[in-house]
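First up is the structure itself, then whatever we jot down about it.
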C-alpha cells in the first residue's frame, strides 16, 4: 500500500534549502586553515589521549571554481535521539559529494552506530532520497544509542567500510554520539587507516554549542513545537481560569529549551536548572518559588497559571545531584544484585544500605515511585533516565503541601488544582522549520566539503546564523576542541563537554528581568504553529535565544 502524502508534506518535499555563499559552485570550496585549537577544557589530558587528532587548525570554506574532484564513498549514520532536520543533513551530504564528483556514493548504515559494526546498510540514491527531503524523523535509516568505545568495535567498522571502498564516515548526533566520532577518528588516524570521520551537531536540547557551533540542529524546530503547545495551554488556562499547569520539557542536562520556551510564551514560572545549581537551592526552596507565584496570583483572584520545568531539574538540586551521582556508581557496581530483587521495598532497602548518610536522608524522604524511577536502568551512556522521573508530579504534590501549610498559617487563601504534562516526543520528529531545513542541509553539504579536503576528526560548523543563509560562514572545528574529562561508570572518560545555560548570557538576563512580573501578572504570549510560508521575518526567523546571543 502506497504511503499517503499530506498536502503540506508534498509542498515541503519541493522546498529548496538555502546554502552559504561558499557553496555557490558546489562543495569543492576553497579551504583556509586558521589557528590550531586545543581543547576548551582539560587540554593536557585531551592532548595526551588524542595524540594524532588534537590541536588541529580551524577550517573556513570560501567559494571555489567548481572543479571536479575525486569520487568518494561515504557512510552516514543517525545516532541518538531524533531531531528535526536529520534527513536534510543526509540530503545536503548526498548533494555535496555528488557536486564534487557524480560517481560519489552514499551508504546509510541502519539503526545508528550498531549498523556500522553489524554491517547493515543501504545505498542512498537520488530516487530513494527524494521522499525524505525536508521531512521530520529519522525513519530514513533509523537511529540507535550504541556506544562505540572498544577496539573490537573500531576494527569491525573499519573492515565493513573498507569492503565497500568507503573513504569517510559522517556521524550525525549529539555530545555522546560525537564523542564516538572523536574516538573513532583518533583510532583510525593513529593506525594509518584511510577512513575519515566527520561529525554533525544534533540535539534538540541545545547543549552542543560553542563559539563555532552556534546551535545544534533541531533545537529551533523543537522549541517552536513546544512553545505552540505551551501557548495553547496558556490560552486554555486563561479561559478556564481554574488550573495550574505544570509542564515538564525536554532538557536532560541543560535548560536551553525551558529558557527558550519561556522567552517565547512568558509563563508564570520557569525553573532554570543551572540557576538552581548556582544558588545551591534545595528542594524546599525550589518548591517555594512556585508556591509563592501561586499564592500571589490567588491573592489577585487568579487561581490558575503555568509553570515550566526542565526534565533534568532534579540533577541540579545539590542534594539530589549528590544522590544521583552515588546511585550511578552504586548501580554500575551492583547491577546484578540489585536487579535480582523483585520487591520494591527490598530494592529500596538495598540502596539505602549503600548510600552515604546525607544521600540516604534525601532518598528516604521520597515517595516509593520516585525512588524506583531514580533507580531504573541507566541509558547506554550511564546517565539516569530523567525523562522517566515524574518531576512535575513530585513538584505538584510538594507545592500542594506547602500551600496547605501556608493556609493553616493564614498566608494563603486560594484554590489550587493542577494538571501535569510532559512535552518530549512531540517535538523530536516535526517537519523542520525553514531555519532547520536550511541549517541541516548546509551542515551536510559542509560535511561533504570537509571530506573533499581529506580532513578527519572535525565537526561541521556553520556560523553567523541570524543573518540570511547566503551570509552564513561555512567551516569546521576539531572534535577534540570540545572534549573534556568526566566521571562516568565509576571512571574518568573523555567526552564532549555539554554547554549549559550561562547565567551571565543575554537570553537568561532577558528572562530574569521579566520573570517577577510574569509570576504575578498574566503575561502569556501565544506563538502559534511553525510557519513555512510567508515573509522571512515570520517563516525564517530563528530562536529568541540565538537572536539575543548574536545581538
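Matching residues to (1) in the same structural domain as residue 458 (by TED's automatic domain parsing); (2) within 25 Å of the chain's Cα centre (by Cα); (3) within 28 Å of residue 187 (Cα to Cα):
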{"site": "20", "(1), (2), (3)": "yes, yes, no"}
{"site": "27", "(1), (2), (3)": "yes, no, yes"}
{"site": "40", "(1), (2), (3)": "yes, yes, yes"}
{"site": "77", "(1), (2), (3)": "yes, yes, yes"}
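Every residue, every condition in (1) closer than 20 Å to residue 13 by Cα; (2) touching a helix residue (DSSP H, G or I) at 6+ places or on another chain (Cβ under 8 Å), yes or no:
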site	(1), (2)
60	no, no
74	no, yes
86	yes, yes
93	yes, yes
97	no, yes
103	no, no
109	no, yes
116	no, yes
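Looking at 405, 348, 337, just one residue is surrounded by 18 or more Cβ atoms within 10 Å (Cβ to Cβ), without any contact (Cβ under 8 Å) to a residue 60 or more places away in the chain and more than 25 Å from residue 277 (Cα to Cα), and that residue is 348. Residue count for segment 255-278, restricted to those that are farther than 19 Å from residue 390 by Cβ and either touching a strand residue (DSSP E or B) at 6+ places or on another chain (Cβ under 8 Å) or in a helix (DSSP H, G or I) (or both): 15. Quick check on segment 427-444. Is at least one of its residues touching a strand residue (DSSP E or B) at 6+ places or on another chain (Cβ under 9 Å), touching a residue at least 24 places away in the same chain (Cβ under 8 Å) and farther than 23 Å from residue 12 by Cβ? Among the residues of segment 427-444, not one is touching a strand residue (DSSP E or B) at 6+ places or on another chain (Cβ under 9 Å), touching a residue at least 24 places away in the same chain (Cβ under 8 Å) and farther than 23 Å from residue 12 by Cβ, which makes the answer no.
Based on this model, can you work out whether residue 301 counts as over 23 Å from residue 277 (Cβ atoms), in contact with a strand residue (DSSP E or B) (Cβ under 6 Å, 6 or more places away or on another chain) and not assigned by TED's automatic domain parsing to the domain that holds residue 207? Here the answer is no, as residue 301 does not meet what is asked. Quick check: anything in segment 90-108 surrounded by fewer than 22 Cβ atoms within 10 Å (Cβ to Cβ) and closer than 29 Å to residue 426 by Cβ? No.
Considering 52, 28, the condition of being part of a loop (DSSP other than H, G, I, E, B), in contact with a helix residue (DSSP H, G or I) (Cβ under 7 Å, 6 or more places away or on another chain) and surrounded by fewer than 20 Cβ atoms within 10 Å (Cβ to Cβ) is satisfied by 52 alone.
So that you can scan it fast, the table gives a plain yes or no per residue for (1) in a helix (DSSP H, G or I); (2) free of Cβ contacts under 8 Å to residues at least 24 places away in the same chain:
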residue	(1), (2)
516	yes, yes
519	yes, no
525	no, no
528	no, no
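Checked against the criteria, residue 413 counts as modelled with pLDDT under 95 and either surrounded by fewer than 22 Cβ atoms within 10 Å (Cβ to Cβ) or not assigned by TED's automatic domain parsing to the domain that holds residue 253 (or both). Restricting 19, 78, 8 to those that are in contact with a helix residue (DSSP H, G or I) (Cβ under 7 Å, 6 or more places away or on another chain) and over 29 Å from residue 160 (Cα atoms) reduces the list to 19. Apart from one condition, residue 382 fits all of (1) modelled with pLDDT of 95 or more; (2) in a loop (DSSP other than H, G, I, E, B); (3) in contact with a strand residue (DSSP E or B) (Cβ under 7 Å, 6 or more places away or on another chain); the exception is (1). Filtering 544, 521 for residues that are within 27 Å of residue 316 (Cα to Cα), at pLDDT 95 or above and not assigned by TED's automatic domain parsing to the domain that holds residue 32 leaves a single hit, 544.
Quick grid of which residues meet (1) part of a helix (DSSP H, G or I); (2) surrounded by 21 or more Cβ atoms within 10 Å (Cβ to Cβ); (3) in contact with a strand residue (DSSP E or B) (Cβ under 9 Å, 6 or more places away or on another chain):
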| position | (1), (2), (3) |
| --- | --- |
| 139 | no, no, no |
| 142 | no, no, yes |
| 185 | yes, yes, yes |
| 207 | no, yes, no |
| 210 | no, no, yes |
| 214 | no, yes, yes |
| 237 | yes, yes, yes |
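Taken over segment 475-513, the criterion of being out of contact with any helix residue (DSSP H, G or I) (no Cβ under 6 Å at 6 or more places or on another chain), outside the structural domain of residue 203 (by TED's automatic domain parsing) and part of a helix (DSSP H, G or I) is satisfied by 508, 509, 512.
Would a scan of segment 272-284 turn up a residue that is free of Cβ contacts under 8 Å to residues at least 40 places away in the same chain, over 20 Å from residue 360 (Cα atoms) and touching a helix residue (DSSP H, G or I) at 6+ places or on another chain (Cβ under 9 Å)? Yes, there is a match, as at least one residue in segment 272-284 is free of Cβ contacts under 8 Å to residues at least 40 places away in the same chain, over 20 Å from residue 360 (Cα atoms) and touching a helix residue (DSSP H, G or I) at 6+ places or on another chain (Cβ under 9 Å). Among residues that are in the same structural domain as residue 186 (by TED's automatic domain parsing) and touching a residue at least 40 places away in the same chain (Cβ under 8 Å), residue 472 is included. Within segment 116-137, the set of residues being surrounded by fewer than 14 Cβ atoms within 10 Å (Cβ to Cβ) and either modelled with pLDDT under 95 or in a loop (DSSP other than H, G, I, E, B) (or both) comprises 125, 131.
Being closer than 19 Å to residue 97 by Cβ, touching a helix residue (DSSP H, G or I) at 6+ places or on another chain (Cβ under 6 Å) and in the same structural domain as residue 483 (by TED's automatic domain parsing) is true of residue 200.
The values are calculated or read from the model by the stated rules, or taken from the named source; none is laboratory data. Remember, it's a predicted structure, so these values are computed and weren't measured experimentally. Glycine also receives a Cβ, built like all others from the backbone with ideal geometry; neighbour counts cover every protein chain displayed.
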